[in-house]
Amino acid sequence: MQLTLLISCSLCAFLNLGLAADARSNKPAVVMVPGAFHSPEVFGKVTRQLAQADYEFLDAVALPSVGHLVGRQADTNAVKSVLYKHLNAGRDVVLVGNSYGCTVIGEAVNGAPRYSASSASPVATDSVGRGRIISLIYLAGYIPTIQEVEHPASKPDIHDVSPALFNYHDDTGKVTADGDPTLPPQKAFYNLLPPREADYWTGKLDFSSFDALNATATYIPYTGDFEVVYVVGSQDKSVTPEWAQAFIDQPGAKFTVEHLDADHISMLSKPKEVSGLIVKYSKNPYA
Ligand SMILES: *[C@@H]1O[C@H](CO)[C@@H](O)[C@H](O)[C@H]1NC(C)=O
């Protein structure tokens, strides 16, 4: 009798331990990528929220093209190195981009193992034991169109398709965020933050490299290969709701669309809501 009790108790402890370990590994790694001019610090609030929700692997990536004169490939490589660290360790991944960061995560996932029911092409066959990508979340995505990837010659120069705040210093190859005197970053990016906080984040902005911003994309992940969630900010002054809708309405685009009462940098103004969306799209619907 005593023996049975002992066995069932250790079995109990064993099961509990197993369950706890499972609960942890159920959370994917989250790889977060800021937009032009921004440092990964803008994901600090969201990172704290996700840590409280028991997410263990949280990486906010610094874009090499912010503060350095490098091309887009450097940005893509920086994201890929973090992404494959997790995939190769067997961890599933959710990628989160903000603005131009969505362009970068879209390039980085080209050829990566994925879960997808809608894709015509099969998932990578070498993915045994590796993690896969669950979803891409575009927070106010500033992204390439299907047209410009299919017909690169049709891609407009970025001078013609950028928010008014982009300030081009053509002699140096730098772009800064102070191009519109009527819409300084405090209003273009952080219009829902208290003024002092908006000033604080404006002071942290750096230049972006023109070559990285003006490069032509080589891949579109949102036509069925991946689950891609476009999050529209209803108070976004940079990628306005109308502009976001034009991306969403492209023929052939297959987005899941979410709306937040947010400005352009929703990770700072609406961290709980953004974390909630990351949790929502952390669940693999095809498992
Ligand atoms: C920017 O991109 C456009 C279109 O791809 C290209 O024609 C143009 O030469 C680029 N601008 C610069 C200054 O490199």
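The values are calculated or read from the model by the stated rules, or taken from the named source; none is laboratory data. Just so it is clear, the model here is predicted, and its values are computed rather than measured. For neighbour counting, all protein chains shown are included, and Cβ atoms are generated from backbone atoms with ideal geometry for every residue, glycine included. Only protein heavy atoms, including side chains, enter the accessible area calculation; ligands, DNA and RNA are left aside. Shrake-Rupley method; radii C 1.70, N 1.55, O 1.52, S 1.80 Å.
For this structure, a couple of remarks:
- Scanning segment 135-162 for residues that are in contact with a Phe, Trp or Tyr (Cβ under 8 Å, 6 or more places away or on another chain) and either assigned to a helix (DSSP H, G or I) or crowded, with 21+ Cβ neighbours inside 10 Å (or both) yields a total of 10.
- Taken over segment 254-274, the criterion of being surrounded by fewer than 18 Cβ atoms within 10 Å (Cβ to Cβ) and in a loop (DSSP other than H, G, I, E, B) is satisfied by 254, 261.
- Entry remark, segment 184-212: residues being outside any helix (DSSP H, G or I), open to solvent by 30 Å² or more (accessible area, probe 1.4 Å) and under 13 Å from residue 269 (Cα atoms) number 3 in total.
- Filter pass, residue 250 being assigned to a loop (DSSP other than H, G, I, E, B) and either farther than 26 Å from residue 70 by Cβ or more than 16 Å from the ligand (Cβ to nearest atom) (or both): yes
- Test: residue in segment 94-102 that is part of a helix (DSSP H, G or I), open to solvent by 40 Å² or more (accessible area, probe 1.4 Å) and either modelled with pLDDT of 95 or more or among the charged types (D, E, K, R) (or both): no
- Members of segment 35-93 that are among the polar types (S, T, N, Q), closer than 18 Å to residue 265 by Cβ and assigned to a helix (DSSP H, G or I): 47, 49
- Residue 223 being in a loop (DSSP other than H, G, I, E, B), hydroxyl-bearing (Ser, Thr, Tyr) and farther than 30 Å from residue 170 by Cα: yes
- Selection within segment 231-251: residues that are among the small types (Gly, Ala, Ser) and open to solvent by 50 Å² or more (accessible area, probe 1.4 Å). The member of this set that is nearest to residue 141 (Cα to Cα) is 246.
- Test: residue in segment 174-189 that is more than 28 Å from residue 282 (Cβ to Cβ), within 16 Å of the ligand (Cβ to nearest atom) and over 22 Å from the mean Cα position of the chain (by Cα): yes
- Pairs meeting the criteria (first residue in segment 198-218 and over 16 Å from residue 35 (Cβ atoms) and in contact (Cβ under 8 Å) with a residue 60 or more places away in the chain, second residue not charged (D, E, K, R) and not in a loop (DSSP other than H, G, I, E, B), beta carbons under 6 Å, at least 6 apart or on different chains) are 216/152.
- Residue 277 among the aliphatic types (A, V, I, L, M), open to solvent by less than 50 Å² (accessible area, probe 1.4 Å) and under 15 Å from residue 138 (Cα atoms): yes
- Pick from segment 190-224, criterion among the small types (Gly, Ala, Ser) and over 25 Å from residue 257 (Cα atoms), ranking: nearest to the ligand (Cβ to nearest atom): 215
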